[in-house]
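A.B. asks: I have a structure I would like to understand better, so I am pasting it below and will then ask my questions one at a time.
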Amino acid sequence: MTMKTIRLELARTKENPMGDSNHAYEFRAPLDASGHLDKDQWPNQKALCTVRRIEDGVDVERGLLIHTRGGKWMFSYAPGEDDDEAIFRFSSHAFTPGEYVSVTEHDGEQRTFKVVSVVDWHLQ
């Protein structure tokens, strides 16, 4: 298990045919050797599994990557479920550059994001 910092950027859409690097998420998570989320290590590392939500190139929210009792992964910014952003099939994705992930954002819209980087994270 290795803690990684993963950056997701908005993929191409009809409204943004080139994608949008200023609409992004950066989060830390434990990944196994194949690049999948390591749900067995997450409980030991959950305090380190932070997320930054970025719009227009600026941090707009900071929170945590959480794993619910129902087995879903979410970005959560405050206690309670009102602000949680569901991540579609997060546990089945391999986090390698070029892969795609769907996030249901606060406005209820599911958007596709491209994995643009996965780098080692070390406690400093």
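A.B. asks: Would you mind classifying the range 29-124 by shape? Square roots of the alpha carbon gyration tensor eigenvalues, ordered a ≥ b ≥ c; an a/c under 1.5 is rounded, otherwise it is prolate if a/b is larger than b/c and oblate if not.
C.D. replies: Here the range 29-124 falls in the rounded category.
A.B. asks: Ok, one more. Helix-only estimate, please: 222 nm mean residue ellipticity of the chain, summing -39500 (n - 2.57) across DSSP H runs of length 4 or more and dividing by its residues, to the nearest 500.
C.D. replies: Per the formula, -500 deg cm²/dmol.
A.B. asks: Below 19 Å, Cα to Cα, which lysines can Lys4 reach? Residues fewer than 8 away in the same chain don't count.
C.D. replies: Lys39, Lys46, Lys114
A.B. asks: What is the calculated FRET efficiency for Ala47 to Glu109, with r their C-beta to C-beta distance and R₀ = 25 Å, to the nearest 0.05?
C.D. replies: Efficiency at R0 = 25 Å is approximately 0.25.
A.B. asks: Under the 0.36 nm per residue contour assumption, what length would be gained going from the current alpha-carbon distance of Ile66 and Asn16 to full extension?
C.D. replies: Computed gain between Ile66 and Asn16 is 15.1 nm.
A.B. asks: Provide the gained length on full extension for the span Asp59 to Ser92, in nm with one decimal, where the gain is 0.36 nm per separating residue minus the Cα-Cα distance.
C.D. replies: So the extension gain works out to 9.2 nm.
No lab work stands behind these numbers, since they all come straight from the coordinates. None of the values given here were measured: they were computed from a predicted structure. Backbone-built Cβ (ideal geometry, glycine too); neighbour counts: all protein chains shown.
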